[in-house]
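Nothing in this text is a laboratory measurement; each read-out follows from the coordinates by a stated rule. Treat the numbers as computed from the prediction; the structure is a model and nothing was measured. Every residue, glycine as well, gets a Cβ built from its backbone with ideal geometry; the counts of neighbours run over all protein chains shown.
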Amino acid sequence: MKIIVTGGTGYIGSHTVVELQQDGHEVVIVDNLANSTINVLDGIQGITGTRPAFEKIDLTDRPATLDFFARHKDARAVIHFAALKAVGESVSKPLEYYYNNLNSLMNVLAGMRGNGIPNLVFSSSCTVYGQADVLPVTERTPRHEAESPYGNTKVMSEDIIRDLMRVEKSMNGIALRYFNPIGAHPSALIGELPVGVPNNLIPYLTQTAAGIREQLSVFGDDYDTPDGSPLRDYIDVVDLAKAHVVAIRRLLEGKNKANYEYFNIGTGRALSVLEIIAAFERATGVKVNYKIVGRRAGDIEKVWADTTLANNELGWRAEVPIEQTLANAWKWQQRLASK
Ligand code: NAD
Ligand code: UFG
């Protein structure tokens, strides 16, 4: 089946393209390469033996996007990854984030509707829950006001899709709310490409272990958690990619119970920053130079997923052990350093 993957040369998109191809799908990637490189196609081809079709288009360009969809009306589904995703940057550049993330979504939806492409899987985030009052969060946990313009684009995007699906009964959507995606493909042929100084824990940690950064700062050890550092639900990127394949299958087979559904995609397990560092050291034998510093502004204390719905309805569950995920992240870091 032909599937359109927007943002398919990005971190999560590229891993999903691999899993889609390995499940027998034909993939067309559309990406403007704002935060990825064309070489990612070599990595995908190296793993699967098939080079996915690729078109360089900015999805905020409405005529170009509608033209793209008109040429691919035989596609049966779209996975919409394309977005800007840096939380901190979104605070300083709110208009750029709203413009990019919302216009590209609306153009994609218009392209789908105009060409009879019925199925959408959308990349949402646990950021829509903010600091939830009750943990773990289920899909019925109320969304909190977003902490950043980026987070707000996810809340607004979910609502735009919901409102469209209410009137377009022939269209179907699934929003996957990712928790903290980490790791890389075990082949080390694809992974995350951090630009500049990483903001996220794992790329900062692996760059510190590799000697590129001097020291990892642990942002706070005075939270109300067992060791004082914040708790997150770290989900392996290949497990996450597989969740998209099962979501696509659910839509293509018409097994969805409503024409717009939401699923938490995490492990169901909370790990602290200090536990991640210890697991990395166990998995790789490499010591991490770190120090505890003050809290990072805007960080929430703890969030992790109740994954019962995804387990029962999608028949999906996270499988990769955290040590394996961290070993893969390390292998990818070493490959990046050797390039
Ligand atoms: P990424 O930056 O690696 O990939 C996104 C891709 O979209 C990039 O290749 C970029 O070039 C492309 N893109 C952005 N704007 C575009 C536009 N206007 N037209 C065409 N292409 C465009 O990010 P990722 O980590 O792979 O994230 C994928 C999706 O998952 C995003 O929607 C992100 O918000 C969401 N998400 C990510 C995380 C995370 O921690 N990585 C967590 C929750 C949700
Ligand atoms: N952390 C450190 N040191 C660092 C980087 C991070 O201690 O150098 C800590 C943070 O304080 C946090 C944890 O590691 O406790 C995870 O931080 P990340 O930046 O890796 O991830 P976040 O949970 O802050 O953010 C992620 C995604 C966002 C998404 C958010 C939803 O990056 O896109 O989850 O909760 F919006």
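A few notes on this one:
- Spatial separation of Cα centroids for the range 81-116 and the range 143-157, in angstrom: 12 Å
- When all alpha carbon pairs of the range 238-339 are counted in 10 Å bins from zero, the resulting P(r) reads 12, 32, 30, 19, 6, 0 %.
- GNM remark for the chain: springs join alpha carbons under 10 Å apart, and the peak mean-square fluctuation among 79, 57, 190 falls on 57.
- Computed from label points 7 Å out along Cα-Cβ, the spacing between residue 324 and residue 258 is 3.4 nm.
- Assigned charges on the beta-carbon of Lys, Arg, Asp, Glu; the range 146-277 dipole about Cα centre (debye): 780 debye
- Listed by chain and number, the aspartates and glutamates whose alpha-carbon sits under 17 Å from that of residue 56, ignoring those within fewer than 8 places in the same chain, are 31, 42, 67.
- Two-site label geometry, residue 217 and residue 67: point separation in nm, points 7 Å out along Cα→Cβ: 4.6 nm
- Relative to the current alpha-carbon distance between residue 227 and residue 133, full extension at 0.36 nm per residue lengthens the span by 31.8 nm.
- Descending by average beta-carbon neighbour count within 10 Å, the peptides 114-121, 231-238 line up as 231-238, 114-121, the highest first.
- Under 5 Å from the amide H of residue 29 lie the amide H atoms of 5, 53, 54, 55, each residue being 5 or more positions distant or on a separate chain, with H modelled from the backbone and absent for Pro and chain starts.
- Computed from point charges on the beta carbon alone (+1 for Lys and Arg, -1 for Asp and Glu), the dipole magnitude for the range 192-339 about its Cα centre is near 540 Debye.
- Rounded to the nearest angstrom and listed largest first, the equivalent-ellipsoid semi-axes of the chain from its Cα gyration tensor are 31, 23, 19.
- Backbone N within the range 207-244 under 16 Å of label point (7 Å from residue 199 Cα along the Cβ vector): 219
- Translational diffusion coefficient (Stokes-Einstein; Kirkwood radius from C-alpha pairs) of the range 267-312 at 20 °C, 1.002 mPa s, in µm²/s: 162 µm²/s
- In the range 215-273 the Cα-Cα distances spread across 5 Å bins starting at 0 as 4, 15, 17, 15, 14, 11, 8, 8, 6, 2, 0 percent of all pairs.
- A simple packing score, the average count of other Cβ atoms within 10 Å per residue, orders the peptides 151-158, 6-13, 70-77 as 6-13, 151-158, 70-77, with the highest score first.
- A simple spin-label model places the labels of residue 312 and residue 33 4.7 nm from each other, with each point 7 Å out along Cα-to-Cβ.
- Panel order for 66, 33, by other beta carbons found within 10 Å of each beta carbon, from fewest to most: 33, 66.
- Counting DSSP beta bridges with both ends in the chain, the antiparallel % (nearest 5): 5 percent
- Cα-Cα over 19 Å, subset of 85/287; 2/154; 169/257; 73/257: 85/287; 2/154; 73/257
- Phi to ³J(HN,Hα) by Karplus 6.51 cos²θ - 1.76 cosθ + 1.60 over the range 236-253, Hz, x for Gly, Pro: 4, 5, 6, 4, 4, 4, 5, 4, 5, 5, 6, 5, 4, 4, 4, 6, 5, 8
- Here the ratio of the Cα radius of gyration of the range 62-176 to 2.2 N^0.38 Å is 1.12.
- Farthest positive-ward along the chain dipole, Cα basis, beta-carbon charges - from 102, 212, 200: 102
- Centre separation in Å (Cα based) which lies between the range 250-282 and the range 172-238: 14 Å
- Calculated mean residue ellipticity at 222 nm for the chain: -12500 deg cm²/dmol, from DSSP H runs with n ≥ 4 weighted as -39500 (n - 2.57), summed, divided by the residue count and rounded to 500.
- Most mobile of 244, 144, 15 in a GNM of the chain (Cα contacts under 10 Å): 144
- Only the Cβ atoms of Lys and Arg (+1) and of Asp and Glu (-1) were treated as charged; on that basis the dipole of the range 1-117 about its Cα centre amounts to roughly 260 debye.
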